[in-house]
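Read-outs: derived from the displayed coordinates by stated rules, not from any lab. Treat the numbers as computed from the prediction; the structure is a model and nothing was measured. Note: ideal-geometry Cβ built from the backbone for every residue, glycine included; neighbour counts use all protein chains shown.
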Amino acid sequence: MRGMSNISGKYLDDLEHLKQSIIDILTTPIGSRVICRDYGSNLFQLTDQPINRDLFPKIYAAVADAIDKWEPRFKVEKITINSIKEGHIILSLIGLYRITQQKISLEDLVI
């Protein structure tokens, strides 16, 4: 599925559009969309929590739940948090791209 860049308006290839979609899902707080209040992720509920071992499973759960609910093209198999700094989480995802039934890796997603 080709899509359009939300920044430039240019066409994106399948995987770039998937990446853009996942970033949009994860950076949208649940309840912030007027027409679709359930859309988004619970990552914003984790804001201002101490960055320690207890936080990581909560991030994994919020990411996996949101992608599972809102992105039917991708099935998450592994989430890796590369870093948390300056108000951003940088993560990588490995999973099944359901369009081609191939395992893919989405690297360095800035959330």
Q: State yes or no: is residue 63 part of a helix (DSSP H, G or I) and among the β-branched types (Val, Ile, Thr)?
A: yes
Q. Quick one: what pairs do we get from the stretch 30-47, first residue at positive phi, second among the basic types (Lys, Arg) and assigned to a loop (DSSP other than H, G, I, E, B), C-beta under 8 Å, 6+ apart or different chains?
A. 31/37; 40/33
Q) Of these, 76, 34, which one is touching a helix residue (DSSP H, G or I) at 6+ places or on another chain (Cβ under 6 Å) and not acidic (Asp, Glu)? A) 76
(Q) Cβ contacts < 6 Å: first residue without any contact (Cβ under 8 Å) to a residue 24 or more places away in the chain, restricted to the stretch 70-82; second residue among the hydroxyl-bearing types (Ser, Thr, Tyr) and surrounded by fewer than 18 Cβ atoms within 10 Å (Cβ to Cβ), any location; separation 6+ or different chain. Result? (A) 79/60; 80/92
Q: Identify all residues within the stretch 62-88 that are surrounded by 15 or more Cβ atoms within 10 Å (Cβ to Cβ), closer than 23 Å to residue 36 by Cβ and not charged (D, E, K, R); write none if there are none.
A: 62, 63, 64, 66, 67, 70, 74, 76
Q) Which of the residues spanning the stretch 1-60 are more than 19 Å from residue 81 (Cβ to Cβ), surrounded by 14 or more Cβ atoms within 10 Å (Cβ to Cβ), of a type in the set (Ser, Thr, Tyr) and in contact with a strand residue (DSSP E or B) (Cβ under 9 Å, 6 or more places away or on another chain)? A) 21, 28
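Out of the stretch 85-106, which residues are over 11 Å from the mean Cα position of the chain (by Cα) and either under 16 Å from residue 21 (Cα atoms) or assigned to a strand (DSSP E or B) (or both)?
85, 88, 94, 95, 96, 97, 98, 99, 102, 103, 104, 105
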Q) Is it the case that the stretch 14-26 has a residue that's touching a residue at least 60 places away in the same chain (Cβ under 8 Å) and β-branched (Val, Ile, Thr)? A) yes
